Amino acid sequence: MKKNVLSVILAVLTLLAFTGCGTKPTAEPAPQKTDVEKIRIALVLPATVDDMAWGQSMVDGLKEVQKSMGEDKVEVAISEKLGNAVDAGSAIRQYATQGYEIIFAHGSQYQSVLNDIAKDFPETTFAYGTGFATQPNIFAYDPQAQEGGYLLGILAAHMTKSGVVGIIGPVESGDAVKYNYGVQQGVAKGKADVQTRIAYTGSFNDIVGAGNLAKTQMSAGADILTGSSQQAVGAVRAIGETEGNYWLSTDMDQSSIAPNHVLASQVYHWEKVVTKIIELRKQGTLGGQHLTLTLADGTIEFKYNEKLADKVPAEVKAAVEAAKQEIISGKLKVELPKK
Amino acid sequence: MSSNYNGVFKQIMVLISALVGALLVGALFLLLAKSDPVKAYGVMFSGPFSDKFGITETLVRAVPLLLVGLGIVISFRSGIINIGAEGQILAGAIGATAVATSLPDLPAVMLLPLVFLAGATCGGLWGGIAGWLKARLSVNEILSTVMLNQIALQIYLFLIRGPLIDPKEVSYGTGVPQTALIPEHIWLSKLIPGTRIHSGLIFALLLAVLVYVFLWKTSSGYRMRAVGAGPEAARYAGIRVEWYLVLAMALAGGMAGLAGVVEVAGVHHRSLEGLSAGYGFSGIVAALFGRLHPLGTIPASVLFGALLVGADMMQRAVNIPAAMIMVIQGLVVLFVVSSDYFLQNPDFGARIKAKLFGEKADGEGGK
Amino acid sequence: MDGVMSADIIVIILATGIRLATPFLLAALGEMFVQRSGVYNLGVEGIMMMGAFAGFYATLQLGTPLLGIAISLAIGALMGLIMAVVSVTFKAEQGISGIGLYMFGWGLSGLLFRLYVGGVTSIDGLKPIAIPLLSNIPIIGPVLFNHNGLVYTAFLLVPLSGLILYKTSWGLNVRAVGNKPEAADTLGVSVVRIRYECLILGGMLAALAGAFLTIGQANMYADNITAGRGFIAIALVYFGRWSPWGILLGSLLFSMADSFQSMVQVLGINFPYELAVILPYLVTIIALAISYGRVWAPAALGKPFQRGTRG
C-alpha cells in the first residue's frame, strides 16, 4: 500500500500548489483594453526569430513597420519555438486575453487552432499563413512562392554549367512544393535540356542533414542549388565552402551566410502585408480576406546579390526581367502543383 | 498511523526541497539571461493556477500526459521500457482521423466509439510490433521503439500530405499538410465554454481507474506484473511470458493511441503537423513521478501539465528565450529523481535537508 | 536505372556514408562504456547538443577548431559528471535521469546560443586531411582517406576501445562492474568510481560527436542541431551488442542506408521520399530481427549499486 500513500502525497502536493499560489498577486493584466494611439501586435512562430528564413522574414517585417510607424505607435510581442499547435494555442489565447489587437500566427499548422480561438475574441484580428480559409476576424495570407521560384528557375537554367539544378526540400508539402514547382517550371522554360533534381531531408530544422544532402547533390553534378525553410541554411553554408556553385534563396535574402555564393533571392515583404492588415482593421475590416503575396503588388521581390550581380550576363538578366513583367502583367500564370 | 503521517510529511518535504533546489539552480540561468528570477517564478507558479485560462490549459496538457502515462505504467510494470509513445500517439491519431473522415454521416453514438476503437487499435498495433519483436526475436525495445517513432512520423507525414490531405488544400493550391476536419458532431464537448478543456479529461480519469483495477485486481494484470518483476520466475510459474510482453506493449500503445484520438477529437479536430507536443516523452516523466501507479499518475500529470503551461507563460511575461523552459524542466526532473535517495536513506536525507532549508531561508531573506 | 549506379556514384555513397557514420560511432562507443559499467544514459542527445554548442562557440571565439574540440570535451565530461552524480551517487532511476539530462542539455545549449550568439553565424571548421599516398589509391582512396581529423579519430577509436575493454585491467573492471557489481566490489574494485569514469568518458565522446556536427560538418549552429542522432546512437549500442566492432557495423549500415537514400532521391528515382528517409531505421530493425538470438546485455544494466544488498 506504499504506492497508494505516494499517490496521496502527490495529490496533496498538487492541492498545495493550487492554494499556495492562489494568494500571490497575479502578474497578468486581464482586462481587454483598446488603446487608440498604440497598436499592439503579437507574433507566434513555429521556429525561431533568427532562423534566416520564414520566421525571421516576418520578424524583420514587423520591425520595419515599427520603424516606419514609430516605436511608440506599435508594440510587438513575440513567442517562438511553438511548433506544436497545442502550445501555440495557449500563446495565442493568452495574447488575445491580454488585449493584443492583431495576432499573427505565422504557420500553416495554426489554422485549426485559430478557428477555435477566434470565436471567443470577436474584436481581435487574427492572421495566419500559409492558408486560404478565413473567418470574419481571421486573415489568411498566402505567398505565391512559385512566382519567385519561376524567376529563380530561369536564372538557374542559364547559369548552370553542369546542366543540373538541385533542390534541397524540407518536407514535400505546402510552400515548399509550390516553390519547388515554380523553380522546375522556370528551369524548363529557361533551357529545355537542364535537369532539376529534388530531394527532401524529411525535416524542417535538420541543418546538418540539409548540408549533407547539398553535398550529395553537388557531388552528383548539381552546381546551382536552392531550397526552402530553416533547414536550408545548412545547405547554404555547405555551398559556401565550395567553388563555382551557387545558391538561390527564398523567403529572405540569405546572402549574409555565404556572400560569394548566394546569387539571387526571392524576398517576402511582410511589412507591406502587416501594414495592409493594420489599415484594414482601422477601416473596420477585422478579417475575412485571403491575402496573397505576389510580384505584382510588390510583396514579393526578386533580388540579385549586388556583390555577384556582374556574374550574371545581361541577356540572362533580360530573360528574367521579361518573365517577371509577364507575371506582373498577368500574361503568364505560373502553375500550381495539381495532385 | 502517526508514523505513517510522519512518513507522508517527510516525503512531501523532500519533494519540495528537490523542487526548490532545481529552481535555485534555474535561477542562476535566469540571472544569466538577465531576467528577475523572483518575477519569472512568480509567473511560472501563479500562471497555471491563477485563473480559468491557466487551470484549463493545464488540464488540456494533463489529459494526453495521463493517457500516455497509463500506457507507460503498464509497459514499465511489465518490464518493458517503452520509448515509443510518440509514434503510437501519431498512429492512433491518424487511424482515428481516417475513420472519422470517411464515415461522416454515421451518428455520433456509433461513430465516436468506432473512432476511439480505431485509434486504440492503430496505437496498439504500432506498440505491439515492438512487443512482438522483443518477445519473439529478442529485439531490444529501446532500439525498436526509437526507430519506430521515426518511421511512424514519416508515415504520418506522408499520409497527411498525400492520401489523407484535406481536398480543400489541394483545390486552393496551398497544399498545407493536414487532413480534413472530422465531422463536428463527434468533437468532444467542452467542459467549460470559452476554454479548450474537453470531456476527454473524464475519459482519461475513468481509464486510470480501469488500469488500476486491471493491473491489481485481475489475474492478467497480476501475471503481467509478475513478468515485469522477473521473467524467469514468471516462466517457471507457468506464465506465458511472450504473450504478456506483446499484450503489455499493445495495451501501452493503445493508451498512447487514445491520447492521439483525444487530441484529434478534443483539441485539433483533424490530424496536422506538430500534433503531439512531445507527450511521448513527458508522459514517461509523468508516469515515473506518479511512481508507476495509475492513480499516482493522475496528480503527476496535472503537476507536469502545470509545469509545461507555467514555463510557457514565463516566456511571454519576462521575455526570456524559449529554451529556458527546457532548462527548468530538465533541472526539475534531475532534482526530483535524485530526491528519491533521501527517502530511502533517511539519515543522509535529514542532514542535507537541514542544509537545504538553511539555504532556502537565506534566499527568501534576500527578496 | 541502368548505368545510374556507376562506380563514381558508389564512391560518393560510400564516402558520404563514412562521414555520416562518424557522430554515431563517437557517441555510441562512449555509451558502450557507460552501459558496460551497468548504467544506461538516455541523455546522450542532450550532451551532444551541449558539445555541439561548446565546440561551435569556442571555435567562433578562439578561432581554432582544435580548442573548440578541447572545450567541447570538457563540457561533455561535466555533463557526464552530472549524470553520474544523479544516477550513481543518488541512485536515481536511470531512464528518467537521462531524459532530464536531455531536456537540460537541449535547453541550456539553446539558451546559451541565444544569449551569446544568436542568428545564423558561420565558423571555419575542420578541413579534410588527405592522407598522402593512400588518398591517391583509385576508388577507395577518396572513400577512406580524404576526411577531417575527427572522422579518422572516430574510426581509430573502434580498435582502441576494443583493446581497452578486453585487454586492460580497467576494461576488465568495467565489464565486471557491469555484470557482477557485488563480486567486483568484494574484490576491491570501486563500483562507484568505475561508473563515474565511464559516464565521464561517455559524456566526452558524446560531446565530441556533437562537436563533429558543428565544427566538422555544418560549420554553424542551430537549435536542435542533433535532430535525434543521440537516440540513434543509443539504439546502435544495442544493435552492436555492446561491442566496438558491432557498433562499427551498425553505424556503417545505418549511415550507408542514409547516404544511399539521399543519392536515390537526388537521382530522381521515383518513389515516396518518406520511404527513403525511413530506410535506415527499417534496415536497422530488420537486421536486428533476423540476427536474433541471446542478447548479451551487461547483467547489471540499469540497476543502481547498493553495497551489501544483492540482486
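For chain C, the normalised intensity computed at q = 0.11, 0.12, 0.15 Å⁻¹ comes to -0.69, -0.81, -1.20 (log10 of I(q)/I(0), Debye sum over alpha carbons, equal scatterers, no solvent).
Result for chain A in a Gaussian network model with C-alpha springs under 10 Å: among A:Gln266, A:Gln109, A:Gln230, the largest mean-square fluctuation is at A:Gln109.
Against the empirical 2.2 N^0.38 Å scaling, what ratio does the C-alpha Rg of the stretch B:237-289 come to? Present the calculation step by step, with values, prior to reporting the outcome.
Values: Rg = 14.7 Å, N = 53, 2.2 N^0.38 = 9.9 Å.
Cα Rg divided by the expected 2.2 N^0.38 Å: 1.48.
Amide H contacts under 5 Å for A:Gly166: A:Arg197, A:Asp223, A:Ile224, A:Leu225, A:Thr226, restricted to partners 5 or more places along the chain or on a different chain, H placed in the peptide plane at 1.01 Å from N.
If each residue's Cβ is checked for other Cβ atoms within 10 Å, how do B:Trp243, B:Trp132 rank with the fewest at the top? Write down the numbers at each step before the final one.
Details: B:Trp243 14, B:Trp132 19.
Ascending number of Cβ neighbours within 10 Å: B:Trp243, B:Trp132.
Per residue, the average separation of C-alpha pairs within less than 8 Å and at least 6 apart gives chain C a relative contact order of 36 percent.
With one equal scatterer per alpha carbon and no solvent term, the Debye-computed log10 I(q)/I(0) for the stretch A:111-162 at 0.22, 0.24 1/Å reads -0.76, -0.84.
Taking one quarter of the surface of the convex hull spanned by the alpha-carbon atoms of chain A gives a direction-averaged projected area of 22.6 nm².
Around the amide H of A:Ala77, modelled in the peptide plane, lie the amide H atoms of A:Ile41, A:Ala42, A:Leu43, all under 5 Å away and 5 or more residues distant in sequence or on another chain. Using Cα positions and a limit of under 19 Å, work out the aspartates and glutamates in reach of B:Lys10, with same-chain residues fewer than 8 apart set aside. Hits, sequence-local ones excluded: B:Asp340, B:Asp347, B:Glu359. Counting Cβ atoms of other protein chains within 10 Å of each Cβ in B:150-159 and taking the mean gives 6. Averaging 1/r across all pairs of distinct Cα atoms in the stretch A:102-223 and inverting the result yields a Kirkwood radius of 16.2 Å.
Stokes-Einstein D for the stretch B:56-320 at 37 °C, 0.692 mPa s, Kirkwood Rh over Cα pairs, in µm²/s? Each step should come with its number before you reach the end.
Values: Rh = 18.6 Å.
The calculation lands on 176 µm²/s.
Distance check, please: which entries in A:Lys73/A:Lys282; C:Lys91/C:Lys180; A:Lys178/A:Lys307 exceed 22 angstrom between their Cα atoms? Kindly include the intermediate steps, with their values, before the conclusion.
On the way: A:Lys73/A:Lys282 14 Å; C:Lys91/C:Lys180 17 Å; A:Lys178/A:Lys307 28 Å.
From the list (A:Lys73/A:Lys282; C:Lys91/C:Lys180; A:Lys178/A:Lys307), the Cα-Cα distance tops 22 Å for A:Lys178/A:Lys307.
For the stretch C:40-154, what does the convex hull of the Cα positions come to per residue, in cubic angstrom?
On the way: hull volume 14.6 nm³, N = 115.
Cα-based convex hull of the stretch C:40-154, divided per residue, equals 127 Å³.
Converting phi to 3J(HN,Hα) with the Karplus coefficients 6.51, -1.76 and 1.60 and the offset θ = phi - 60°, the stretch A:105-122 yields 9, 8, x, 5, 6, 8, 4, 4, 4, 5, 3, 5, 7, 4, 4, 7, 10, x Hz in sequence order, with x at every glycine or proline.
Shape verdict for the stretch B:57-209, please, from the Cα gyration tensor: rounded (a/c under 1.5), prolate (a/b greater than b/c) or oblate.
Details: a/c = 2.01, a/b = 1.28, b/c = 1.57.
Oblate, since a/c reaches 1.5 and b/c is not below a/b.
What residue among B:Gly257, B:Gly238, B:Gly128 shows peak mean-square fluctuation when chain B is described by a Gaussian network model with Cα springs under 10 Å? In this elastic network of chain B, the residue with the biggest mean-square fluctuation among B:Gly257, B:Gly238, B:Gly128 is B:Gly238. Per-residue Karplus couplings for the stretch B:60-65, computed as 6.51 cos²θ - 1.76 cosθ + 1.60 with θ equal to phi - 60°, are listed in order as 4, 6, 5, 4, x, 4 Hz, Gly and Pro entered as x. If you average 1/r over all unlike Cα pairs in the protein assembly as shown and invert the result, what Kirkwood radius do you get in angstrom? For the protein assembly as shown, the Kirkwood estimate is 29.3 Å.
Based on the Kirkwood radius over alpha-carbon pairs, what value in µm²/s does the Stokes-Einstein equation return for the translational diffusion coefficient of the stretch B:1-138 at 25 °C and 0.890 mPa s?
Taking Rh from Cα pairs, D becomes 127 µm²/s.
Under 5 Å between amide hydrogens, built in the peptide plane, is the criterion, and for A:Leu293 it picks out A:Asp142, A:Gln144 among residues at least 5 positions away or on other chains. Shielding of peptide A:86-99 by partners, expressed as the average count of other chain Cβ atoms within 10 Å per residue Cβ, is 5. Helical runs assigned H by DSSP (4 residues or longer) give the protein assembly as shown a calculated mean residue ellipticity at 222 nm of -20500 deg cm²/dmol, each run adding -39500 (n - 2.57) before division by the residue total.
Basic side chains Lys and Arg get +1 at the Cβ, acidic Asp and Glu get -1 at the Cβ, and with that the dipole of the stretch B:56-320 about its Cα centre reaches some 660 debye.
What whole number of Å gives the distance from the Cα centroid of the stretch A:189-251 to the Cα centroid of the stretch B:205-233? Going from one Cα centre to the other spans 53 Å.
So for C:Leu126, B:Leu28, B:Leu125, B:Leu103, fewest C-beta neighbours within 10 Å to most, what's the order? All intermediate terms of the calculation are to be shown ahead of the outcome.
On the way: C:Leu126 21, B:Leu28 10, B:Leu125 18, B:Leu103 14.
By the 10 Å Cβ count, ascending, the order reads B:Leu28, B:Leu103, B:Leu125, C:Leu126.
To the nearest 0.05, what FRET efficiency results for C:Leu187 and B:Val38 with a Förster distance of 56 Å applied to their C-beta separation? The partial results should precede the final answer.
Numbers: r = 52 Å, r/R0 = 0.94.
In this case the efficiency is close to 0.60.
Using the Karplus relation 6.51 cos²θ - 1.76 cosθ + 1.60 with θ = phi - 60°, the per-residue 3J(HN,Hα) values for the stretch A:255-260 come to 5, 5, 6, 9, x, 9 Hz, with x marking Gly and Pro.
In the stretch C:228-294, Rg over Rh equals 1.03, where Rg is the alpha-carbon radius of gyration and Rh the Kirkwood radius from pairwise Cα distances.
Under conditions of 10 °C and 1.306 mPa s, the stretch C:21-101 yields 121 µm² s⁻¹ as its translational diffusion coefficient, taking Rh as the Kirkwood radius over Cα pairs in the Stokes-Einstein equation.
In this model, which of A:Lys191/A:Lys324; A:Lys81/C:Lys127; A:Lys81/A:Lys324; A:Lys161/C:Lys127; A:Lys276/A:Lys338 are farther than 28 Å apart at the alpha-carbon? Table pairs above 28 Å Cα-Cα are A:Lys81/C:Lys127; A:Lys81/A:Lys324; A:Lys276/A:Lys338.
Within 10 Å of each residue's Cβ, count the other Cβ atoms and sort C:Cys198, B:Cys122 from fewest upward.
Numbers: C:Cys198 29, B:Cys122 26.
Least to most surrounded, the residues fall as B:Cys122, C:Cys198.
Look at the Cα gyration tensor of the stretch B:294-335: its axes a ≥ b ≥ c give a/c of at least 1.5 with a/b at or below b/c, and that counts as oblate.
Read-outs: derived from the displayed coordinates by stated rules, not from any lab. Just so it is clear, the structure is predicted and the values come from calculations on it, not from any experiment. So basically every Cβ, Gly included, is an ideal-geometry build from the backbone, and we count neighbours across all protein chains shown.
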